[in-house]
């Protein structure tokens, strides 16, 4: 469970709602349906126009990673790979067949299957790196959906504010409405900048970090499997793979 | 058919028109011929000055990709390449001659012709990568036309707003005209920021994604054809190429 | 003749002058000697301080490329290179001697001379790539003079506007002068943003595109000459070089 | 002791507090709890939402580096490595065993152990570069916590200012409160821009420089250890390693 | 003597001082000690906090390069290297010993010494590239001191302006002071943007160009010395090195 994400989202609400109360406008002043329409619908519009449908859906499906990133147990994977290298040394690569079939992670499973088939180390590396690259690109594209929303949102906040000011300007005769009108116009700016900097951009960065973590994990698995294919010494394999742990 | 593009463009209109109505200015306030002249003509002027004519035309011709990207069937291409590798194994590279002549995609056709001619794998890769690179650069240059318009448009929106404010300032004596004048000045900002963030930039990004998809597809074809040239095992070829599918 | 550049510059004038008329300030309001002094002299000052003299002069000498880029005839160069490869096959590299001496383009001439001297392909590539890189860097540095002016100009526009507002603020007592004073202050912004986005940045981008085109052309010549040096098949050479044409 | 950091932080206080006094607002005008809540809590919220917990803690633990970066004695390390190369020449790699066990820096210790075990130079380099890369990425991620806070803080300053202006606008009737209200609204901007440019961004840059220094130091150690593994001449090793000193 | 730097600095003063006179505020309006304190002390504070002391001093010591860059005579260096290659051909590498000892440039001297010692070309390249890289990084870090000041200065200009406006807002009752107060507030903006765009950023760019020039010069020397070590033909060496001259 990623408590930092929960703390971050909570504090973001505290900063915005608490700030508005402390500044003396109260929470109610933050609600403006027209601003909501312009900023939220506009940001979603830009993201939809820009994205491919499968990437957009994937981005949305990555949101739960905020609270629980896909499980990566580097320590366990190293132990398993070192164990595999010892079996391979004793019984040959065919000795890994049962273990390869039991493997549940599709990436490791593909690698072990190639190993058992006697594929050369260089070829295993090439094949797995294509896999890794395609998966990484897809995940990063999902994370970038939020980045792009974080870029579009503030600009739509400006559009909302300008539209609000235009409405005010057309009614300059009524000074009573001037102040509240300008205040209402500004709400769009808060929506745009707030959504970008307290949600979209940090979320995009957290997801990108999770993707890079998975890539590093998979690179370690590639290093381990190719080292086994090259018949390297289990002790050297462990020494190398341990470098992936801080 | 890319429904996301249609949804995005529709929601963009909803956000702008609906927002203007909800804010109380109405749709009519969004129409200003002078602002239109400055922002639209100015943005086009900058793009024309910057672009080469064949790139500019190509960029315009890529617009329909928003609704239907050039067809890429990775699954079918993998099947075809694996099939070719099996034929090559049985009948030799010359056995591919009829298939090479039937190929309609010019890129694959060039690759297969090189294969049939007995060109070495390394040379095939070099030749096809020049092709791929030149095509990719040209397509990306087309997509960047829209990116550059998305960069120029907001700056022209500022010029339009400043010109509008200048006109207002020269008539400060008439307070009746002050409000509507400022409102009219602001319209240019909406044109510039709106065109950039609800059209040019998302469009450029969608086109770039389509170009990268084509490049990945062509890289897969290069990988497949060079693997056949190297006489690799059809099963390994399939295993590698399947990595290009998520 | 690059009609796009002419169209772009013309439309830029239409947008600015026409926009000012349509907004109701008229063309006269756009002329302000103080703003001109700050923005134009300031931008030139920054560019001079930043640049090396030979790069600055080169940048200015590249301006005519806007209307006529240095002639590149890829099609003719491919034919010539394929022809050279056929002669080399029949008569040996020495058979190219007369043609090498007749070559007028200094880059091709240097390459052909190396070929005739019997230099190895790898060495020819290394020598020509140093040449290509140095020329490309110099040309890009020339194009970047305009880019940097496009970055400095808007900031000087802000300085001009602030100075104008300062002058207005010191004479707040005279409300008659307030409006025209603010309007005059804004002119500097138009100069800065307009010069950057309707001239400097598009010009820099057009020049950069021309430079990249020349680099691609020279890379093709390097590919062709080294392929001849390696005694490659004229048909393969043609197949590869044709990839440089879209 | 890094006196520049102390001088920088002191001068930053002088600029802000002294500036506020010299401008005539006094220091008291700089204190505004609502602005503090929005900018500081908001910036922390964004950083928490974005970061992984171990990276966030690591970033905080790197703060003392501002005043004392982790000790790097390149001169001493070169002497030690040259000495090791001489011993290896005379007594063989096993002669380094005692020294390897005495080494306290974990990175050098791992390298020396690999050397004593007779690992090949290429394998040592690969193993140590994984180590170096993982450590560098982790340290840079820690430094980037401050960079991201430096990016979020000014945007939250704008939110704070807008909220403050909204509160003012809702009380336009009371002209007495107008001036102080606007002044109070502006404080959030000073918090945001000041925190970013006088603390977060310079701190992030100083930490990054320290990380790059450590990486260069470790690259030198890798160069030295692999040169010993290759049995290179101590004089050449010294000549190469001395290049790491300016 | 770099007359462009002198012309640039002079024109910058003309633009700022002349502009202020032409706008009607006069030169006196540009002097504001509080703004000076905030912008100049603040910018220096940020740079000090960010920099390492030896880099900061080095950056300051690079300032005279504005007027006279370190002497690079590529033509003479090529002649010397070709001459050395001829001597090496006739008398062997030991024939270069006296010349190596007479060499005054430390970089060339180190290279020639390695040559005379009979070090292999590949090893010479590796050793000299470490040297070149460390020197280049240090020089670039010095140039970036000015770049970072050019980034911090405008943000401190905004802080100064905001502080000035805050002081004005707290005295709204006195309309006499309103105009001059706002004008004084704006001066900080001019300091920040002016210092950045008319000094810091162009200076940083000029210094970076000088550093890249030195790096290119040293790369040419590495190319020349390694070519001599490989016993290459003096004519080929000259042909390659001449490519470094435009």
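The values are calculated or read from the model by the stated rules, or taken from the named source; none is laboratory data. Quick caveat: nothing in here was measured; it's all calculated off a predicted structure. In this analysis, Cβ positions are derived from the backbone assuming ideal geometry, glycine residues included, and neighbour counts consider all displayed protein chains.
Against the numbered list (1) at pLDDT 95 or above; (2) under 13 Å from residue A:224 (Cβ atoms), residue A:108 comes up short only at (1). When the helices (runs of 4 or more DSSP H) confined to the stretch C:47-163 are screened for residues that are at the interface with chain E (Cβ under 10 Å from one of its Cβ atoms) and within 26 Å of the chain's Cα centre (by Cα), those reaching at least 3 such residues are found at C:53-61. Residue check, residue A:208 against (1) at pLDDT 95 or above; (2) buried (at least 20 other Cβ atoms within 10 Å of the Cβ); (3) within 21 Å of residue A:69 (Cα to Cα); (4) within 12 Å of chain D (Cβ to nearest Cβ), all met but one. Which one? Here residue A:208 clears every test but (2). Among the residues that make up the stretch B:228-238, is at least one of them free of Cβ contacts under 8 Å to residues at least 12 places away in the same chain and not in a loop (DSSP other than H, G, I, E, B)? So far as the stretch B:228-238 goes, yes, one or more of its residues are free of Cβ contacts under 8 Å to residues at least 12 places away in the same chain and not in a loop (DSSP other than H, G, I, E, B). Residues that are surrounded by 12 or more Cβ atoms within 10 Å (Cβ to Cβ) and free of Cβ contacts under 8 Å to residues at least 12 places away in the same chain within the stretch C:79-91 comprise C:79, C:80, C:83, listed in sequence order. Looking across the stretch C:165-183, the residues that are touching a helix residue (DSSP H, G or I) at 6+ places or on another chain (Cβ under 6 Å) and within 11 Å of chain B (Cβ to nearest Cβ) come down to C:168, C:179, C:181, C:182, C:183. Being under 29 Å from the mean Cα position of the chain (by Cα) and surrounded by fewer than 19 Cβ atoms within 10 Å (Cβ to Cβ) is the filter here, so list the residues in the stretch A:10-22 that pass it. Scanning the stretch A:10-22 gives A:10, A:13, A:14, A:17, A:18. Restricting to the stretch B:17-41, and then to whatever is in contact (Cβ under 8 Å) with a residue 24 or more places away in the chain and facing chain A (nearest Cβ under 7 Å), can you tell me which residue is farthest from residue B:159 (Cα to Cα)? Looking at the filtered set, the residue picked out is B:25.
Pick from the stretch A:192-203 the residues that are surrounded by fewer than 24 Cβ atoms within 10 Å (Cβ to Cβ) and more than 8 Å from chain D (Cβ to nearest Cβ): which of them is farthest from residue D:55 (Cα to Cα)? Looking at residues that are surrounded by fewer than 24 Cβ atoms within 10 Å (Cβ to Cβ) and more than 8 Å from chain D (Cβ to nearest Cβ), I get A:195.
Within the stretch E:23-39, track down each residue that is part of a helix (DSSP H, G or I) and crowded, with 19+ Cβ neighbours inside 10 Å. Within the stretch E:23-39, E:23, E:29, E:30, E:34, E:35, E:37, E:38, E:39 qualify.
Would it be correct to say that residue E:178 is closer than 30 Å to residue E:49 by Cα, free of Cβ contacts under 8 Å to residues at least 60 places away in the same chain and either in contact with a strand residue (DSSP E or B) (Cβ under 9 Å, 6 or more places away or on another chain) or surrounded by fewer than 24 Cβ atoms within 10 Å (Cβ to Cβ) (or both)? The answer is no for residue E:178.
Tell me yes or no: at least one residue of the stretch D:206-224 is without any contact (Cβ under 8 Å) to a residue 40 or more places away in the chain and either part of a loop (DSSP other than H, G, I, E, B) or closer than 16 Å to residue D:4 by Cα (or both). The answer is yes; a qualifying residue exists.
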